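Visitor: Structure provided below as structure tokens; questions to follow.
The values are calculated or read from the model by the stated rules, or taken from the named source; none is laboratory data. Here the structure is a predicted model, which is why all the values come from computation and not from measurement. Ideal geometry is used to build each Cβ from the backbone, glycine not excepted, and the neighbour counts take in all protein chains shown. With ligands, DNA and RNA removed, areas are computed over all heavy atoms of the protein, side chains included. Shrake-Rupley method; radii C 1.70, N 1.55, O 1.52, S 1.80 Å.
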Amino acid sequence: MTLRFAYNTNGAANHRLDDALELIAEAGYDGVALTLDIHHLDPFAEEWAREAERVASRLERLGLGSVIETGARFLLDPKHKHEPTLVTADATARARRVGFLKRAIDIGGILKSEAVSFWAGVPRPGIEPDAARAWLQEGLAEVVAYAAGQGVVPCLEPEPGMLIETLDDYADLAVPGLKLALDTGHCLVTGEREPAAAVAEFADRIGTVAIEDMARGVHVHLPFGAGDMDVPGVLAALEAIRFDKLICVELSRESHRADTMIPQALAYLRDCRRGGPDLPPLDTTLRETPVR
């Protein structure tokens with residue numbers, strides 16, 4: 001089978017959305033992982049629905065599928081990164097996050113996206129774990145029910161350092177209809193499983209996949225060849241389960257060179273499937289100050 005690849009627009013943050021989509025299509029990707037943000041289909045803009053319709057038409061013309069990502073840093077609060085979340089103590093603030101995820105689902109429906117991906121959040125100091133988990137369950141139930149009504153696949157992504165940071169944390173939630181957004185690099189950060197083993201184990205629950213390179217124990221997204229990821233092994237595992245959804249390249253630190261990284265990343269992935277003899281890093285000047 002032929003694996004399908006997408007590129008995440010959080011790695012093209014210095015480009016206009018239309019320009020980023022053009023680069024992604026020209027490189028030969030099958031889709032885009034669209035991180036909703038202030039400059040990339042702002043979900044809170046007055047004309048958000050009209051813009052979503054316009055982007056949907058553009059994706060169709062370019063032959064790109066899509067996944068909706070919701071990890072923008074300051075979209076909801078300009079002073080606190082990623083806040084509020086599903087585990088924020090203030091109920092009104094949590095409702096803002098739920099409202100945002102519902103809007104993301106609406107946009108996913110307009111774009112006919114394969115999935116909408118989101119995460120739990122980090123409980124603030126002093127919050128009891130049981131309380132945070134109860135808030136999370138409540139928010140997830142509302143979001144999943146809304147997604148079902150819109151015909152959109154909701155996917156939770158375990159994130160290092162968050163309340164749900166491992167695949168076991170995800171499995172323990174047992175929320176019917178909630179699929180897994182598997183970021184293969186995160187397996188190397190938490191050390192819970194080898195990425196290829198995670199693909200095989202959770203095959204029937206995966207709704208979307210992110211791929212990049214990472215060093216073991218370090219949560220920094222790296223270009224392929226710069227970390228410890230067995231990229232050919234992960235791709236072989238995805239082929240083995242006949243994964244036909246988009247596999248999303250997430251290089252969120254690489255916006256400053258997206259023009260070269262977008263095509264080079266796909267070339268690397270294709271070389272992996274051709275069994276290329278040597279797969280050097282895409283760039284040897286990679287160890288910069290981490291940007292997350």
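Visitor: 5 Å is the cut-off here: which amide hydrogens, built 1.01 Å from N in the peptide plane, fall below it relative to Ile206, excluding neighbours closer than 5 in sequence?
Guide: Result for Ile206 returns Leu180.
Visitor: Could you check what % of the DSSP bridge pairs in the chain are antiparallel, to the nearest 5?
Guide: Beta bridges within the chain, antiparallel portion: roughly 5 percent.
Visitor: Work out the FRET efficiency for Ala236 and Val175 from their Cβ-Cβ distance, taking R0 = 35 Å, and round it to the nearest 0.05.
Guide: Here the calculated transfer efficiency is 0.70.
Visitor: Reachable lysines from Lys81, Cα under 29 Å, same-chain residues fewer than 8 places away excluded?
Guide: Correct list for Lys81: Lys102, Lys112, Lys179.
Visitor: Per the 1.4 Å probe, what fraction of the accessible area of the chain, in percent, lies on carbon and sulfur atoms?
Guide: Its accessible area is 50 percent carbon and sulfur atoms.
Visitor: Right, next: Given the Cα-Cα distance of Thr260 and Glu60 and 0.36 nm per residue of separation, how much length would full extension add, in nm?
Guide: Working it through step by step, the gained length comes to 69.6 nm.
Visitor: Solvent-accessible area per residue for the stretch 23-170 at a 1.4 Å probe radius, Å²?
Guide: 43
Visitor: Per q in 0.08 Å⁻¹, report the Debye log10 I(q)/I(0) for the stretch 4-272, using one uniform scatterer on each alpha carbon and no solvent.
Guide: Cα-only, vacuum Debye calculation for the stretch 4-272: -0.29.
Visitor: Work out from phi, with θ = phi - 60° and the Karplus expression 6.51 cos²θ - 1.76 cosθ + 1.60, the ³J(HN,Hα) of each residue of the stretch 91-96, listed in order in whole Hz, and give x for Gly and Pro.
Guide: These are the phi-based 3J(HN,Hα) values: 5, 5, 5, 4, 4, 5 Hz.
Visitor: Dipole magnitude of the chain about its Cα centre, charges +1 at Lys/Arg Cβ and -1 at Asp/Glu Cβ only, in debye to the nearest 20?
Guide: Charge dipole, the chain, about its Cα centre: 320 debye, nearest 20.
Visitor: Let me ask you something else. In terms of modelled amide H atoms, which long-range or inter-chain residues lie less than 5 Å from the amide H of Arg4?
Guide: Answer set, sorted by chain and number: Ile247.
Visitor: Each label point is 7 Å from the Cα along the Cα-to-Cβ direction; what then is the distance between the points at His39 and Lys79, in nm?
Guide: Spacing of the two 7 Å Cα→Cβ label points: 2.4 nm.
Visitor: By accessible area of protein heavy atoms, probe 1.4 Å, what ranking do Leu235, Leu163 get, highest first?
Guide: Greatest to least solvent exposure: Leu163, Leu235.
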